[in-house]
Structures are given as structure tokens and as C-alpha cells.
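Data first, discussion second: the structure below is written as C-alpha cells.
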Amino acid sequence: MARVILLCGKICSGKTTYASYLCKKYSAVLLSVDEVMLSIFGQHCADKHDEYAARTQAYLYQKSVELIHAGMDVILDWGFWSYSGREYARAFYQSHHICCEFHYLDVDDQTLQQHIQARNQSVLSGAIQAYYVDPPLAQKCNTRFETPDCDEIPIRVSADLFDAKQDFG
């Protein structure tokens, strides 16, 4: 049976780049909350962002089950910042008899700041469609992130193993 790989990591930790690598490696389907949200709302959903993100996640959970039952591996690229969110995902997939595997992108603060700067430049130039991360957003996201320990997520991807701009090719 197909499986789902869930990517856990802070904003700008390299999840999307790593997700692209995994999609190529496993011929998997990528499901991204940010991709859907940006396609529908752009940068501008303000105080509705969390509500819309939760609704998008609920939809993508159901869509992932359909894809997995159709034989496709699925990569979920939406951070899984909280322990309770990760536990919900595990329980959800277990209830559907689907194997799920978390990968944690462990990035130091200096590298994270470099990724944020590079991403923001790409957003401003129009090279990518992603959220612009200003200092208040970065602080909000870092405050919300609950770092998993090795027992919770044994598969860890270190920034030392890749450059966020690398193709993994």
C-alpha cells in the first residue's frame, strides 16, 4: 500500500525543497496548504488565515486518503508545528490503516534566517509564489513551533545535508 510522508519543520526550513526531492524519488503527489491558500487568496487573507488553513488541511487530509487508496504515495508539506497536530495526523492515518512517516527538517537559526532572506527576495522578484516572511510573522511562527524529540520523529533531515536551493538531483 502507498504511504504518506509528513514534513515537520519551521517556516523556511527547506520543507518545500525537500518535498520536491521526495516527490521525484518516490513519484509521489505533493499536497501543500500554502500552495492551495496562495492560489486562492494570494498574500491577503489576514485574520482569516488560520481558519482558511484549517479548512484547507481538512480537505487535503481527505484528498490524501483518496490518493493513497489509488496507490499514490503522498507528501504533506505543511509544517506540523505542534505536538497535538502531529498526534492528530498519526491518529487520522492510523484510523484509515495508512502508514505515515514524519520527517523533521532540523535547521539552525542562522540557516533559517538565510532561508527567510532568500525566500523574501524570491517572493518580491516574483520568482516564486510563497508567503513573504516579515519579522513579526517569523516570530509568530517560531513561537508556535514545538520541536519534536528523536523518539517522536526519528527521521531527521539536517541543513548540513543540503542547501535549500539545491535540487537534490
Notebook entry, point to check: From the list 131, 26, which one is surrounded by 12 or more Cβ atoms within 10 Å (Cβ to Cβ) and over 21 Å from residue 153 (Cβ atoms)?
Noted result: 131
Notebook entry, point to check: Going by the conditions given, is residue 41 at pLDDT below 95, aromatic (Phe, Trp, Tyr) and more than 21 Å from residue 144 (Cα to Cα)?
Noted result: yes
Item checked: Qualifying position, being at pLDDT 95 or above and over 20 Å from residue 152 (Cβ atoms), among 67, 6, 112 -> 67
Notebook entry, point to check: Since residue 111 meets every condition but one in (1) surrounded by 17 or more Cβ atoms within 10 Å (Cβ to Cβ); (2) over 14 Å from residue 9 (Cβ atoms), which condition does it not meet?
Noted result: (2)
Checklist line | Odd one out for residue 119, checked against (1) in contact with a strand residue (DSSP E or B) (Cβ under 9 Å, 6 or more places away or on another chain); (2) surrounded by 19 or more Cβ atoms within 10 Å (Cβ to Cβ); (3) touching a residue at least 24 places away in the same chain (Cβ under 8 Å) | finding: (1)
Notebook entry, point to check: Among the residues of segment 18-40, how many are under 10 Å from the mean Cα position of the chain (by Cα) and of a type in the set (Val, Ile, Thr)?
Noted result: 1
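For segment 151-168, name all the residues that are part of a loop (DSSP other than H, G, I, E, B) and at pLDDT below 80.
Selection gives 162, 163, 164, 165, 166, 167, 168.
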Item checked: Residue that is modelled with the lowest pLDDT, among those in segment 9-38 that are in contact with a Lys or Arg (Cβ under 7 Å, 6 or more places away or on another chain) and either of a type in the set (A, V, I, L, M) or closer than 24 Å to residue 72 by Cα (or both) -> 9
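If you scan segment 129-145, which residues turn out to be farther than 26 Å from residue 4 by Cα and either in a loop (DSSP other than H, G, I, E, B) or not small (Gly, Ala, Ser) (or both)?
Matches in segment 129-145: 132, 133, 134, 135, 136, 137, 139, 140, 143.
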Item checked: Residues of segment 86-100 satisfying the condition of being touching a strand residue (DSSP E or B) at 6+ places or on another chain (Cβ under 8 Å), without any contact (Cβ under 8 Å) to a residue 24 or more places away in the chain and under 19 Å from residue 149 (Cα atoms) -> 90
Check: Applying the selection to segment 1-17, what residues are in a loop (DSSP other than H, G, I, E, B) and either under 9 Å from the mean Cα position of the chain (by Cα) or buried (at least 23 other Cβ atoms within 10 Å of the Cβ) (or both)?
Finding: 9, 10, 11, 12, 13, 14
Next item on the list: Look through segment 83-98, keep the residues that are surrounded by 13 or more Cβ atoms within 10 Å (Cβ to Cβ) and out of contact with any Pro (no Cβ under 9 Å at 6 or more places or on another chain), and return whichever of them is nearest to residue 11 (Cα to Cα).
Entry: 85
Margin query: Scan segment 72-85 and tell me whether some residue there is over 18 Å from the mean Cα position of the chain (by Cα) and in contact (Cβ under 8 Å) with a residue 60 or more places away in the chain.
Written below: yes
Next item on the list: For residue 148, indicate whether it is touching a residue at least 24 places away in the same chain (Cβ under 8 Å), assigned to a loop (DSSP other than H, G, I, E, B) and farther than 28 Å from residue 39 by Cα.
Entry: yes
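The values are calculated or read from the model by the stated rules, or taken from the named source; none is laboratory data. What you see is a predicted model, and the numbers here were worked out from it, not measured in a lab. Using ideal geometry, Cβ is built from the backbone for each residue, glycine included, and neighbour counts are taken over all protein chains shown.
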